[in-house]
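Colleague: The structure follows.
Nothing in this text is a laboratory measurement; each read-out follows from the coordinates by a stated rule. Just so it is clear, the model here is predicted, and its values are computed rather than measured. When we count neighbours, we look across all protein chains shown, and the Cβ atoms used for this are built from the backbone with ideal geometry, even at glycine.
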Amino acid sequence: MTCYRNTDLDLVSRDDLSDLAVALEKGGISPLHVTPSPNGFWYATFETDKQYTEPNPNILQMLDVINSLTESVQSLWATCIKREFNIGYDCGTDPWAFNQGLSTELLRRLAEVGASIRITLYPYRSESVPEELT
């Protein structure tokens, strides 16, 4: 069955993202990882603690938290060279047609915080697929 999975927030910065991660977590956006890389960049991925059935309210919750950050933490957000909301879907053979929308309010707010959208489709895999192929 095709359905919305979740939305991850992916960030990349030259600055340590630990303080930003703490602030986001206080707002119900938990880090999946916050990692320095040998290339000098920090990489972080977050998702909301609450689960949603559509991306629009999920992303709006994250934007509410981002907009409520203190000025010092907002400055960390501004250092990110990647601020991307990655919308994930599990794909299946049903229903025949499937769609979900993003509101103009959401698109406006994404632009205001300098964020982009990516869509990831996870293919259906039957249980008979060997583990090494997944």
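Colleague: List ASP16, ASP49 from most exposed to least, where exposure is judged by having the fewest other Cβ atoms within 10 Å.
Modeller: ASP49, ASP16
Colleague: What is the magnitude of the charge dipole of the stretch 1-123 about its Cα centre, with +1 placed on the Cβ of each Lys and Arg, -1 on the Cβ of each Asp and Glu, and no other charges, expressed in debye to the nearest 20?
Modeller: Once rounded to the nearest 20, the dipole reads 200 debye.
Colleague: How large is the helix-only mean residue ellipticity at 222 nm for the chain, computed as the sum of -39500 (n - 2.57) over DSSP H runs with n ≥ 4, divided by its residue count, in deg cm²/dmol to the nearest 500?
Modeller: -9000 deg cm²/dmol
Colleague: Here's something else I'd like to know. In bins 5 Å wide, starting from 0, what share of all Cα pairs of the stretch 1-40 does each bin hold, as a percent?
Modeller: 5, 19, 26, 19, 13, 9, 5, 3, 0
Colleague: Here's something else I'd like to know. Quickly rank 7-14, 105-112 as a protection proxy: mean count of other C-beta atoms within 10 Å, highest first.
Modeller: On the way: 7-14: 19.6, 105-112: 13.6.
Descending packing order for the listed peptides: 7-14, 105-112.
Colleague: Show me, for the stretch 76-82, the HN-Hα J-couplings you get by feeding each phi into the Karplus relation (A = 6.51, B = -1.76, C = 1.60, θ = phi - 60°), rounded to Hz, glycine and proline as x.
Modeller: 5, 4, 5, 6, 5, 8, 9
Colleague: Kindly put VAL22, VAL34 in sequence by how many other C-beta atoms sit within 10 Å of each C-beta, fewest to most.
Modeller: Exposure proxy ranking, most exposed first: VAL22, VAL34.
Colleague: Further question: Ratio of alpha-carbon Rg to the 2.2 N^0.38 Å globular estimate for the stretch 29-83, to two decimals, please.
Modeller: After normalising by residue count via 2.2 N^0.38 Å, the value is 1.26.
Colleague: A further question on this structure: Students often get this wrong: which residues of the stretch 1-39 have the backbone nitrogen under 15 Å from the point 7 angstrom along Cα-to-C-beta of ILE117?
Modeller: Answer for the stretch 1-39: 4-9.
Colleague: While we're on this one: Which percent of Cα-Cα pairs in the stretch 3-125 sits in each 10 Å bin, short to long?
Modeller: Histogram of Cα-Cα distances, whole percents per bin: 13, 44, 31, 11, 2.
Colleague: Now a separate question. For a label point 7 Å from the Cα of MET1 along Cα→C-beta, name the residues of the stretch 83-102 whose backbone N is under 15 Å from it.
Modeller: 90-99
Colleague: Non-local amide H neighbours of ASN6 (under 5 Å, H modeled in plane, Pro and chain starts lacking H): which ones?
Modeller: Amide H neighbours of ASN6: GLY88.
Colleague: Moving to a separate point now. What's the local net charge at LEU20, with K and R +1, D and E -1, over the other residues with C-beta under 14 Å away?
Modeller: -2
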